[in-house]
């Protein structure tokens, strides 16, 4: 019989899924532009 793999445990601070890293002004601008573009798209689709 095969031995079952040992389960790994993580502390809460190590188990976080993801972070949005907006360290540079260019990354912040791209992120904000993407959010604004999505909102505008939703508004336009709602009008038509």
I'd like the orientation of helix 25-47 relative to the chain: the angle between its Cα long axis and the longest Cα principal axis, in ° from 0 to 90, rounded to 10. 70 degrees
Gain in length, residue 17 to residue 40, computed as 0.36 nm per residue apart minus the alpha-carbon separation, to one decimal in nm? 5.4 nm
Over all distinct alpha-carbon pairs, what is the Kirkwood Rh of the chain in angstrom? 15.1 Å
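Taken together, the values in this text are just the output of simple stated rules run on the coordinates, not laboratory data. Note that the coordinates shown come from a computational prediction; the quantities given were computed from them, not determined experimentally.
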